[in-house]
1. Which of the numbered conditions does B:ARG121 fail, given that it passes all the others? Conditions: (1) within 8 Å of another protein chain (Cβ to nearest Cβ); (2) within 23 Å of B:ASP150 (Cα to Cα).
2. Only one of B:ASP67, B:ASP49, B:ASP108, B:ASP78 is modelled with pLDDT under 95 and either of a type in the set (Phe, Trp, Tyr) or in contact with a strand residue (DSSP E or B) (Cβ under 9 Å, 6 or more places away or on another chain) (or both). Can you tell me which?
3. Residue pairs, Cβ under 7 Å, 6 or more apart or interchain, first in the stretch A:157-177 and more than 7 Å from every other protein chain (Cβ to nearest Cβ), second acidic (Asp, Glu). List them.
4. From the list B:LEU33, B:LEU112, pick out the single residue that is under 30 Å from A:GLN153 (Cβ atoms) and touching a helix residue (DSSP H, G or I) at 6+ places or on another chain (Cβ under 6 Å).
5. Among the residues of the stretch B:81-107, count how many are out of contact with any Pro (no Cβ under 7 Å at 6 or more places or on another chain) and more than 10 Å from every other protein chain (Cβ to nearest Cβ).
6. Which residue, of B:ASP110, B:ASP78, is within 14 Å of chain A (Cβ to nearest Cβ), within 28 Å of B:THR272 (Cα to Cα) and surrounded by fewer than 22 Cβ atoms within 10 Å (Cβ to Cβ)?
7. Taking the conditions exactly as written (farther than 21 Å from A:HIS37 by Cα and at pLDDT 95 or above), does A:ASP88 satisfy them or not?
8. Can you confirm whether A:VAL27 is surrounded by fewer than 22 Cβ atoms within 10 Å (Cβ to Cβ), at pLDDT 95 or above and either part of a loop (DSSP other than H, G, I, E, B) or touching a Leu at 6+ places or on another chain (Cβ under 7 Å) (or both)?
2 protein chains.
Amino acid sequence: MKTLSTVAAMQAVAREQRAAGHRVGFVPTMGFLHEGHLSLMQLAREHADVVVASVFVNPTQFGPNEDLDQYPRNMARDLELCASSGVDYLFCPSAEEVYTPDCSVYVDEDVLSTGLCGASRSGHFRGVLTVVAKLFNMVMPDVAVFGQKDAQQAALIQRMVRDLNFPIEIVVSPIVREPDGLAMSSRNTYLSVDERAQALWLHRVLKQAALQASEGADGSAVLLSDMRALLAHEAPSLDVEYIEIVDAVSLVPVESAVSGVLIAIAAKVGKTRLIDNVIL
Amino acid sequence: MKTLSTVAAMQAVAREQRAAGHRVGFVPTMGFLHEGHLSLMQLAREHADVVVASVFVNPTQFGPNEDLDQYPRNMARDLELCASSGVDYLFCPSAEEVYTPDCSVYVDEDVLSTGLCGASRSGHFRGVLTVVAKLFNMVMPDVAVFGQKDAQQAALIQRMVRDLNFPIEIVVSPIVREPDGLAMSSRNTYLSVDERAQALWLHRVLKQAALQASEGADGSAVLLSDMRALLAHEAPSLDVEYIEIVDAVSLVPVESAVSGVLIAIAAKVGKTRLIDNVIL
């Protein structure tokens, strides 16, 4: 595995790989890798000849009151995990390498980005889409893999690829969970034992709703009300930001939780904001 | 010359050309081609093995009260001119092919786009940057050529390429003028004989300012005041929108019109909006 830290070096490798006729797969990450990330790398390997991963904690997608400074980092461990997961090139640029001080061009999405996490995280998706567009132009992949865990992000990136015509196939990889059901996240490291016990209810209420829907009780209003009641009863210290049942592509709320629909939840457990979702 | 009308066909050609190791030059246009455009194509040829030109009257860069419907078109003539200018591929998609009805992702620039033409043409540069980003992803050029005539557009596209890390070299080509000095523009076809006589003063006042600056009178305030006085005297029916002396890269107004500085002017002649500029 080769490690690259400059845009020029990354673009030179990208050009070489294209010239050699290799199909390049790309997995962008913010590091502090877990099995969820490794599953993305394995999936990239299945879709490509050469796998590029990036580790970059993108400052522009954190709000002023969010956890940029505290975001967990462990570059030595990330290097080992990438190497043992079959990554061919690991791209880990500095913030200064990625953003010039007077940068002023951004990618914005006006519809899908306004609800769900976008409602509370102003500017977050501008930061996400801009850095992903930049990374796409640095890595020039044929295929890029994103996790279903960040469902709104995955929908937005698919929309960006469609609307800006990036010549890139997007693959969305299923959520990887801990044995107890908690969706894997770098932020899980923030959780105390008690907080983690509460956090498990995010997954449990999603499972309950999916079960109800599979048994024919597919009215969104009832499912949402039952989820909220269960959370209030079992995990009263969870601060629920949203629970929504939406079309998985347009992210527009739907009245019936039919097959293919996305149920998404965000909540704070102590100071830690967690998200989870299920596609029916 | 081959003509392409779908994004899929264009991207297939782009992949073929890259796989063959050819350097691709790109000239995006809105058609109704004149010698200014042809000079861009010749310059693209000097920088590339294969030249792609596009003809697409981009609806998103016209405001609601602008001339989208009246914008001059002559596809048959454009085809001939491209073929005789050594264009290898002419890409002329429909608006429906370029934009899906529910498109929602745009490229925005927050600083350089606010002054000069951006001050009066709300949304214009969002439309320009978005369509150019889309065309870049459709054509995948190594080098793209833009005209200095649209000075703010050229600065913005260079900024977009820098900030979004497009792996594309931008070449800016000098303004081509009619024998009488009028900068070539597809919109010149709108001008009556009288309007054209007035329009010539755009170029003349720029020449006067450049001469004054070359003779040492480089204070921007004096130059601007002299330009305005000359226009008021010689071309009273020109409706001047702006005259500015700015840094050619940042577009920030400068106090001294030193070498490399941009003097830009926009004015309406009757219903026709014209722009012109000079770099000292």
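The values are calculated or read from the model by the stated rules, or taken from the named source; none is laboratory data. These numbers were taken from a predicted model, which means no experiment stands behind them. Ideal geometry is used to build each Cβ from the backbone, glycine not excepted, and the neighbour counts take in all protein chains shown.
1. The single condition B:ARG121 does not satisfy is (1).
2. Working: B:ASP49 fails: modelled with pLDDT under 95; B:ASP108 fails: modelled with pLDDT under 95; B:ASP78 fails: modelled with pLDDT under 95.
Being modelled with pLDDT under 95 and either of a type in the set (Phe, Trp, Tyr) or in contact with a strand residue (DSSP E or B) (Cβ under 9 Å, 6 or more places away or on another chain) (or both) holds for just one of B:ASP67, B:ASP49, B:ASP108, B:ASP78, which is B:ASP67.
3. Between residues of the stretch A:157-177 that are more than 7 Å from every other protein chain (Cβ to nearest Cβ) and residues that are acidic (Asp, Glu), the close pairs are A:ILE168/A:ASP142; A:GLU169/A:ASP142; A:VAL176/A:GLU35.
4. Values: B:LEU33 fails: under 30 Å from A:GLN153 (Cβ atoms).
Checking each option against the conditions leaves just B:LEU112.
5. As a first pass, look at the stretch B:81-107 and keep what is out of contact with any Pro (no Cβ under 7 Å at 6 or more places or on another chain): B:81-94, B:96-107.
From the residues that got through so far, the ones that are more than 10 Å from every other protein chain (Cβ to nearest Cβ) too are B:81-94, B:96-97, B:101.
Count: 17.
6. Numbers: B:ASP78 fails: within 14 Å of chain A (Cβ to nearest Cβ).
Being within 14 Å of chain A (Cβ to nearest Cβ), within 28 Å of B:THR272 (Cα to Cα) and surrounded by fewer than 22 Cβ atoms within 10 Å (Cβ to Cβ) holds for just one of B:ASP110, B:ASP78, which is B:ASP110.
7. On the way: farther than 21 Å from A:HIS37 by Cα: no; at pLDDT 95 or above: yes.
No, not satisfied.
8. Working: surrounded by fewer than 22 Cβ atoms within 10 Å (Cβ to Cβ): no; at pLDDT 95 or above: yes; either part of a loop (DSSP other than H, G, I, E, B) or touching a Leu at 6+ places or on another chain (Cβ under 7 Å) (or both): yes.
No.
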